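K.L.:
Quick one: the structure is below, questions incoming.
The values are calculated or read from the model by the stated rules, or taken from the named source; none is laboratory data. The model shown is predicted, which means the values in this text are computed figures rather than measured ones. Every residue, glycine as well, gets a Cβ built from its backbone with ideal geometry; the counts of neighbours run over all protein chains shown. Surface accessibility is based on the protein's heavy atoms, side chains included, excluding ligands, DNA and RNA. Shrake-Rupley method; radii C 1.70, N 1.55, O 1.52, S 1.80 Å.
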Amino acid sequence: MASLVRAGPRLRRAVRAGELAALPAGLRDELGAALAKEEGLVPFSLLRRLHAALREAGSPLHLHELLEGCEIHLPEVPVPPRNPELVARLERIKAKLAHDEYRRMTRNITGQEMNGPLAEFGRQVRSVKAVVITIFNFIVTVVAAFACTYLGSQYVFAETAAVSEPSPWQPPCAGQAGHSGSPLSLLCPQRVLSAVIVASVVGLAELYVMVRTIEGDLGKL
């Protein structure tokens with residue numbers, strides 16, 4: 001809290017010129033000693049006594065006239081030393097926040113993989129695994145399309161196959177080789193041909209999807 005006033009030129013001139021001669025000698029000496037210091041700081045208590053003395057002496061001078069050009073002296077607030085533990089804790093918190101912000105900014109960025117024998121071996125294993133899975137899916141898809149078409153075609157040609165009721169897992173052509181002129185011997189090639197056609201179409205579609213997928217994977221490299 002401010003409790004001092006830095007004397008201005010008007011107050012100094014009044015003390016040097018003897019304009020305060022009507023005031024008590026002790027007050028004048030105390031005021032002169034305060035102004036004789038380097039900064040010329042006058043406490044508020046001395047100013048209050050000066051104001052009372054001017055009124056008692058009936059001086060034509062007023063305190064506000066003497067304080068013209070004076071400045072209130074604000075003392076410097078001492079800064080307490082920072083706690084080292086608190087400083088270290090704040091530094092850790094700042095580092096953690098910066099790391100979290102960096103991870104948030106780079107969350108959608110694919111980083112470069114580490115180079116080395118293990119990393120290269122891992123990439124090769126993943127590539128071989130992807131190729132094996134793709135080939136296996138292709139074979140299963142084509143075989144399933146052939147089997148489903150072959151087994152389902154017997155219902156399409158139900159009228160021709162009405163002479164006998166072969167088991168779905170034992171097609172009519174399996175045990176009818178001796179009856180070359182029977183309808184069953186003519187029905188079996190039709191079912192095989194339809195199954196081959198459907199399996200070929202499915203295989204071509206699967207190959208098209210595989211090629212597009214491989215092109216997409218190569219484009220990301």
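K.L.:
Taking Ser167 and the conditions (1) at pLDDT 60 or above; (2) hydroxyl-bearing (Ser, Thr, Tyr); (3) exposed (fewer than 12 other Cβ atoms within 10 Å of the Cβ), which numbered condition does it fall short on, given that it satisfies the others?
P.N.:
All conditions are met except number (1).
K.L.:
Something else about it: So which residues in segment 59-73 are open to solvent by 60 Å² or more (accessible area, probe 1.4 Å) and over 17 Å from Ala17 (Cα atoms)?
P.N.:
Answer for segment 59-73, where residues must be open to solvent by 60 Å² or more (accessible area, probe 1.4 Å) and over 17 Å from Ala17 (Cα atoms): His64, Glu71, Ile72.
K.L.:
Further question: Name every residue in segment 71-112 that is assigned to a loop (DSSP other than H, G, I, E, B) and at pLDDT 85 or above, in order of residue number.
P.N.:
Of the residues in segment 71-112, the ones assigned to a loop (DSSP other than H, G, I, E, B) are 74-83, 106-112.
Pro81, Asn83 - these are the residues of segment 71-112 that are assigned to a loop (DSSP other than H, G, I, E, B) and at pLDDT 85 or above.
K.L.:
Can you tell me how many residues in segment 113-139 are of a type in the set (S, T, N, Q) and at pLDDT 85 or above? It would help to see each step written out before you state the result.
P.N.:
Taking segment 113-139 and keeping what is of a type in the set (S, T, N, Q), we get 115, 124, 127, 134, 137.
In the following step, the residues that additionally are at pLDDT 85 or above were identified as 137.
Residues meeting the conditions: 1.
Each row is one residue, and each column tells you yes or no for (1) modelled with pLDDT of 85 or more; (2) in contact with a Phe, Trp or Tyr (Cβ under 7 Å, 6 or more places away or on another chain); (3) assigned to a loop (DSSP other than H, G, I, E, B).
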| site | (1), (2), (3) |
| --- | --- |
| Ser153 | no, no, no |
| Ala158 | no, no, yes |
| His179 | no, no, yes |
| Ile197 | yes, no, no |
| Val201 | yes, no, no |
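K.L.:
Go through segment 74-105 and give me each residue that's open to solvent by 80 Å² or more (accessible area, probe 1.4 Å) and under 30 Å from Ala7 (Cβ atoms).
P.N.:
Hits for segment 74-105 are Leu74, Glu76, Val77, Pro78, Val79.
K.L.:
Please find, within segment 59-70, the residue that is nearest to the chain's Cα centre (by Cα) out of those that are free of Cβ contacts under 8 Å to residues at least 12 places away in the same chain and assigned to a loop (DSSP other than H, G, I, E, B).
P.N.:
Per the criteria, the residue is His62.
K.L.:
Could you list, in sequence order, the residues of segment 1-38 that are in contact with a strand residue (DSSP E or B) (Cβ under 6 Å, 6 or more places away or on another chain) and open to solvent by 70 Å² or more (accessible area, probe 1.4 Å)?
P.N.:
The one that is in contact with a strand residue (DSSP E or B) (Cβ under 6 Å, 6 or more places away or on another chain) and open to solvent by 70 Å² or more (accessible area, probe 1.4 Å): Arg6.
K.L.:
Could you list, in sequence order, all residues of segment 17-44 that are within 26 Å of Leu74 (Cα to Cα), more than 60 Å from the chain's Cα centre (by Cα) and free of Cβ contacts under 8 Å to residues at least 12 places away in the same chain? Give the steps one after another, and end with the answer.
P.N.:
Looking only at segment 17-44, we keep the residues that are within 26 Å of Leu74 (Cα to Cα), and these are 27-44.
Among the residues that remain, those that are also more than 60 Å from the chain's Cα centre (by Cα) are: 27-37.
Matches in segment 17-44: Asp29, Ala33, Ala36, Lys37.
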